[in-house]
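Worksheet for the structure shown next.
Nothing in this text is a laboratory measurement; each read-out follows from the coordinates by a stated rule. Only a predicted model underlies this, so the values are computations on that prediction, with no experimental measurement involved. When we count neighbours, we look across all protein chains shown, and the Cβ atoms used for this are built from the backbone with ideal geometry, even at glycine.
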Amino acid sequence: MLAETPSHQRRLADTAATSPLDILREVFGYPAFRGRQAEIIDSVVAGADALVLMPTGGGKSLCYQIPSLVRRGTGIVVSPLIALMHNQVAALDELGVRSAFLNSSLSGAEAGAVMRALRGGELDLLYVAPERLLMPHFLDLLNEIQEGAGIALFAIDEAHCVSQWGHDFRPEYMQLSVLHERFPQVPRIALTATADAMTRAEIVERLQLEDAGIFVSSFDRPNIRYSIIDKAAPRDQLLDFIQSEHRGDAGIVYCLSRKKVEETAQWLSERGIQSLPYHAGMEQADRRRNQDRFLREDGIVMCATIAFGMGIDKPDVRFVAHLDLPKSIEGYYQETGRAGRDGAPASAWMAYGLADAVQQRRMIDESDADEAHKRLSHARLSALLGLCESPNCRRVRLLAYFGEESTPCGNCDVCLEPPHTWDATDAARKALSCVFRTGQRFGAGHVIDVLLGKESERMSSYRHDTLSTYGIGREIDEVEWRGLFRQLVALGMLDVDHEAHGGLRLADAARPVLKGEQEVHLRRATRKPTKRTREASRSRIGSARVPAAELQDAQRPLFEALRAWRAETARAHGVPAYVIFHDATLAAIAQSAPADLEALSQISGIGSKKLDAYGAQIIELCAATRLASMPD
C-alpha cells in the first residue's frame with residue numbers, strides 16, 4: 001500500500017542542510033537522540049554497514065528511518081511480517097514520510113502502483129518481504145533504481161531470523177547476502193532486539209557483515225519486573241496475577257499448544273477478562289481480526305503461541321505471562337520484551353514446573369534436528385532452567401547470558417522477596433537413591449509417593465512398599481519434594497527417559513552426590529505471593545496507565561478527554577491509537593495544558609506534520625477542559 005503524500009510535502013533529503021537531529025525534531029518530534037542512536041545514524045549516513053542490537057522499545061526503527069531521509073534515494077527495509085509493515089507505514093504516513101510496503105497482501109494493481117512510485121523516486125522508505133526482494137525481477141528493478149533515483153540503504157529488520165538455531169528462522173534471510181554482492185556501495189544495517197553471542201556470529205557470517213560496525217546497547221529493560229513462580233494451579237495463578245496487578249490492562253499470555261491457547265482464552269473470558277486466541281492453526285481472517293482488536297482496543301489479553309509477537313508494535317502492553325516454559329533465554333527475553341515498550345512499568349510473569357522441563361527436553365530429543373543442534377538446544381534450555389531456579393537476581397542472570405554485567409535490580413521477585421535456601425544434600429541423596437531403587441523408569445510423582453510412603457494400589461502392584469527408600473522422605477511435604485526434583489532436573493543430576501514415558505534416570509552429575517562427595521543447596525519451594533510481594537508489586541506496577549509522571553487529579557479529565565479524542569481519530573484513520581500519539585505524549589499534554597501551538601510544539605512526540613494535522617483540535621480540547629473545570 002502506498003501512503004498518501006500531501007502535495008506540499010517536499011523530499012527532506014533534497015535540503016543539504018537537513019541533519020539527522022533536525023529530522024528527529026521536525027519529523028518525529030523528539031528533542032534528542034537516546035543511547036547510541038546518534039552514533040549509529042551518523043555511521044550509516046556516512047555509508048558504513050552496521051549491526052545493531054538494541055532492546056525492544058529502544059528506538060531501532062529511527063536508526064534506519066532517519067538515514068533513509070538524509071541519504072539520496074529510497075531506503076529499502078526487509079521485514080518478515082506483513083502486520084509490522086502495515087503498522088510502520090501507517091505510523092510514517094501520520095508523520096508525513098513517503099512510505100509504502102510491498103508484500104503478498106497487495107493486489108497486482110496495488111503492487112504496480114508501489115513499483116511505479118519507487119521508479120519515480122517518490123518514496124523515502126519501502127518495506128518489502130524477503131521473498132519479494134529475492135525475486136529476480138525485483139532485484140533487476142533495484143539495479144534500475146540504484147542507477148536512477150538511488151538506494152539510500154538496505155535495512156534488514158529482525159536480523160535474528162537468519163539464525164538456523166532460532167525459532168524465528170526464515171530460510172529467505174539466508175539469501176540476503178545477495179544485497180552485498182549486487183550492491184556493494186549501498187550501506188546495510190541489520191537490526192535485532194534478541195541475539196546471544198552465537199546468533200550474533202551467525203548474523204555476521206550469513207549477511208557478510210564482517211566489516212560492519214557492531215553497536216550493542218544494554219539489554220536491560222529496567223521497567224520490566226521479572227517474576228517466576230512454582231506452577232501449582234497455573235490458570236488460577238494467572239487469573240490471580242491479572243486481577244491483582246493488571247486488571248483492565250493489555251497483555252499477552254503465551255502457551256505451548258494451540259489447544260491450550262483456545263482453552264485459556266475461553267477460560268479467562270468466562271471470568272471477566274477480555275481475552276482472544278491467536279495461533280497458526282486459525283483461519284487467517286480470524287487471526288488478523290483478533291490481532292487488529294488487540295492493537296486497536298484497550299485492555300485486550302491475547303492468548304497465543306509464539307506465532308504471535310514478533311513485530312507487534314503496541315507500546316502499552318502491560319504484561320507478558322508464560323503458562324509454559326520457552327525454549328531458551330533468548331526466546332524468553334524476546335517474548336517478555338513485548339511488554340512495556342513505552343517505558344512504563346510492566347510485568348514478565350511465568351508459572352514453571354517440572355513437567356515443563358520434561359516436556360521441553362522431550363521435544364528436543366524427538367525433533368528431526370541433528371545431534372549438534374540438539375546439544376545446543378539442550379544447553380540453551382539448561383541456561384533457562386538456571387534462570388528459573390536461580391536464588392539470585394533474575395535480571396543479573398538474564399543480562400549475564402548476553403554478556404552484560406549488572407547489579408541486583410530491586411525489581412524482580414527474587415530481589416523483592418529473596419528466596420530461602422537450604423542444605424538439601426541429604427534429601428537429594430534420598431531422591432536420587434529412590435530413582436535408582438525404583439528402576440529408573442518412573443516419573444517424579446511415583447517416586448515421591450514412594451518417598452512419602454503413600455499406600456496405593458499402584459504402589460503395591462510394583463511392590464515398592466518393600467523398598468529401602470519407602471517412606472524415608474516423610475519429613476518433607478509433597479510440594480517441597482516436587483521443587484527438589486524439579487531443581488535436580490534443572491541441575492542436570494536427573495535426566496528424563498522419554499522412551500519410558502518420562503521416567504527419571506540418574507545422570508553422571510548425580511554420582512558425586514550419591515557418594516557423599518558433593519553438597520546440594522537448593523531454593524525452598526515458593527507458595528502463593530506474600531502480602532509484602534503484592535504490595536511491592538503494586539507500588540512499582542500499579543495500573544501503569546499513565547507512562548509519564550503521575551498525573552494530578554486536576555489533570556486527569558484532560559488526559560481522559562485526549563484518550564477519547566485519540567480513539568475516535570484512530571478509528572477514522574483506520575490505525576491503532578498509538579500511531580496517532582503514545583500515552584506518554586498525551587500525559588505530557590495533560591500536564592502542561594498548552595494554550596497555543598507554540599507551546600504544544602515543545603512537547604516530545606509532536607512533529608510538524610502532527611502539529612499541522614491535530615494541533616488546533618488539541619488546543620481546542622485543552623481550552624474546553626479548562627473551561628469545564630472552572631468553578632461556577
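The trypsin sites (Lys or Arg not before Pro) of region 175-253 that DSSP puts in a loop, and whose beta carbon has at most 14 other beta carbons within 10 Å, are R247. When volume of the Cα convex hull per residue in Å³ is computed from the coordinates, the matching label among (1) 172; (2) 144; (3) 285 is (1).
In this label model, E262 and L514 are separated by 4.5 nm, measuring between points 7 Å along each Cα→Cβ vector. Here the simple spin-label model places points 7 Å from the Cα toward Cβ, and for E371 and D211 these points are separated by 4.0 nm. With 0.36 nm allotted per residue and the present C-alpha distance subtracted, the H378-E144 stretch has 79.5 nm of extension available.
Scattering from region 180-325 was approximated by placing one identical point on each alpha carbon and applying the Debye formula without solvent; log10 I(q)/I(0) at 0.17, 0.18 1/Å stands at -0.99, -1.06. Kirkwood radius for region 50-110, taken over all pairs of different Cα atoms as the inverse mean of 1/r, rounds to 13.0 Å. Here Q617 and H137 are evaluated by their C-beta separation; at R0 = 30 Å the FRET efficiency comes out at 0.10. Helix 531-540 versus the longest principal axis of the chain: what is the Cα-based angle in degrees, 0 to 90, to the nearest 10? Between helix and principal axis, roughly 10 degrees. Only alpha carbons enter this Debye calculation for region 78-205, each as an equal point scatterer, and the log10 of I(q)/I(0) it gives at q = 0.10, 0.12, 0.22 Å⁻¹ is -0.32, -0.46, -1.46. Ranking Q284, I300, L323 by Cα position along the charge dipole of region 255-368, where only Lys, Arg, Asp and Glu carry charges on their C-beta atoms, puts I300 farthest toward the positive end. Checking the Cα-Cα distances for K231/K327; K260/K327; K260/K314; K60/K327; K314/K374; K260/K454 against a 28 Å cut-off, the pairs over it are K314/K374; K260/K454. Overall shape of region 306-383 was characterised from the C-alpha gyration tensor. The equivalent ellipsoid obtained from it has semi-axes of 27, 14, 10 Å, in decreasing order. Within the straight-line cut-off of under 16 Å between alpha carbons, the aspartates and glutamates reachable from K430 are D449, D465, E475, D477, E478, E480, E517, E519, sequence neighbours fewer than 8 places apart in one chain being disregarded. Length available on full extension from D22 to A567: 0.36 nm per residue minus the Cα-Cα distance, which gives 193.2 nm.
Couplings 3J(HN,Hα) of region 408-415, computed from phi: x, 8, x, 9, 9, 4, 5, 6 Hz, in residue order, whole Hz [Karplus 6.51 cos²θ - 1.76 cosθ + 1.60, θ = phi - 60°; x for Gly and Pro]. Projected over all directions and averaged, the alpha-carbon convex hull of region 224-411 occupies 11.1 nm². For region 279-348 and region 589-632, what is the separation of their C-alpha centers, rounded to whole Å? Between the Cα centre of region 279-348 and that of region 589-632, the gap is 33 Å.
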